[in-house]
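Please read the structure below before turning to the comments.
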Amino acid sequence: MKKKIIVVGLLPLNEAYKKRLFMYEFEKNKIEYEYWSLYYIFYKNEPVIYNRIIQKNEKIFKTKIELLNEIDKISIDSIFVKEGGIEKEIIDFYLKVFQKKIKIIFLKWGCTPQIDGKDLLKKRLKKLLNIKKVILHIRFLLKCQKLNWLSKYNEKNIKILYAGIKFKDGILKNKKIEKIAVMSEDLENYLKINDIEKEENQIVFLDQDLPNHPDFDILGEKKINSKKYYKQLNNFFDYIEKIFSAKIIIAAHPKSNYSLETFNGRKIVKNQTATEIKKSKLILASYSTTIGLGTIENKAIILIENNDFSEFMKSKVKKIAEVLDIIIINMDVFAYKNIPKLRINKEKYQKYYNEYLGDGINLKSAKDSILQFINGDKL
């Protein structure tokens, strides 16, 4: 069995994912790798997404048993690269990796402020009424304890790369595990932008393709009404463009598939969000992870929601508004004769930057840190 890098992800392999998780760098450096897609394990309600040609280096797992069995087939010299933390859906995967003492790199970046316990109280109370879910949660907690115990015998094989103070700690409590501060993907992209790019008379909307976002299936959330949502957005955009005398650019979600008519002919760009934020004087968003880029140069931010947003979605928007001290506009009740009062709290912006984009100065690139670890160099 040959040593290889195994990138583990939740979605099908695509160009954006290959770039985001450094697979092009592996190819450039002639490093053998595979991509393990766990789409079916996480998104059971939307299997049709795999009606396409499976890409080279891609393996698809439809069940947890398939995933666990595959671990037995790989060399113990292999290295897993996993974006995010420890998910309950695949806790047995982590247990087996730790038991076999296979190296693993956790890349923790690209999140927004977590919802407080108060905001999730109703949801948690509902779970308490579901005995099956309570039992599953207790099992998960017990497995987390076992994972922490196993980590004591596997410290040198585990690395945590984190972007922002908030991601430094998590389920793994072992303080001897090496943790390396890196730049978030968004911050790294922003810093690569040529300084020639200056602020223009434009506003950017950070689109999340909310009516079609697959996360709702995982969370069991009701999807929002697409027709109503885009109609409200366009009416709101018309008003904002008028009062601020600036055009709105749509920074579309990478997986969206919009026509020009969706946003009434407004310019739509993909994979250029950092550039458009740098060029804009105002940011419109709901709870996109790229909101944090507005804190770098103290951009004004307005958060948008409507009455169709679920309790979870509204809690996310509310939490970001509290952390950044910015306004929320509900498009169902907004009085279009009013002018939004913009707030820029520089102290809170700086705190957000440190907590979610980069912890400290002279931060390392996540790509360089991963390549160092793969090559056996000290981080």
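The values are calculated or read from the model by the stated rules, or taken from the named source; none is laboratory data. Predicted model only: the values in this text are computed from it and were never measured. FYI the Cβ positions are ideal-geometry reconstructions off the backbone, even for glycines, and counts take in every protein chain you see.
Observations
- Scanning the range 149-173 for residues that are part of a helix (DSSP H, G or I) and basic (Lys, Arg), we see that the one that is modelled with the highest pLDDT is 156.
- Residue match in the range 261-269 (condition: buried (at least 20 other Cβ atoms within 10 Å of the Cβ) and more than 21 Å from residue 110 (Cα to Cα)): yes
- The sole residue among 69, 57, 29, 51 that is modelled with pLDDT of 95 or more, of a type outside the set (A, V, I, L, M, F, W, C), over 30 Å from residue 354 (Cα atoms) and more than 21 Å from the chain's Cα centre (by Cα) is 69.
- Here residue 137 meets each of (1) under 25 Å from the mean Cα position of the chain (by Cα); (2) assigned by TED's automatic domain parsing to the domain that holds residue 90 with one exception, condition (2).
- Candidate set: the range 238-254, residues that are buried (at least 16 other Cβ atoms within 10 Å of the Cβ) and under 26 Å from the mean Cα position of the chain (by Cα); chosen: the one modelled with the lowest pLDDT: 253
- Residue within the range 325-338 that is under 22 Å from residue 288 (Cβ atoms), among the hydroxyl-bearing types (Ser, Thr, Tyr) and touching a residue at least 24 places away in the same chain (Cβ under 8 Å) present: no
- No other residue among 274, 251 is farther than 25 Å from residue 334 by Cα and touching an Asp or Glu at 6+ places or on another chain (Cβ under 7 Å) apart from 274.
- Any hit, the range 337-360, residues being more than 23 Å from residue 169 (Cα to Cα) and either crowded, with 21+ Cβ neighbours inside 10 Å or in the same structural domain as residue 156 (by TED's automatic domain parsing) (or both): no
- Candidates 176, 146: the one that is part of a helix (DSSP H, G or I), over 22 Å from residue 114 (Cβ atoms) and modelled with pLDDT of 90 or more is 146.
- Looking only at residues in the range 101-133 that are surrounded by 10 or more Cβ atoms within 10 Å (Cβ to Cβ), over 30 Å from residue 177 (Cβ atoms) and of a type in the set (A, V, I, L, M, F, W, C), the one that is modelled with the highest pLDDT is 128.
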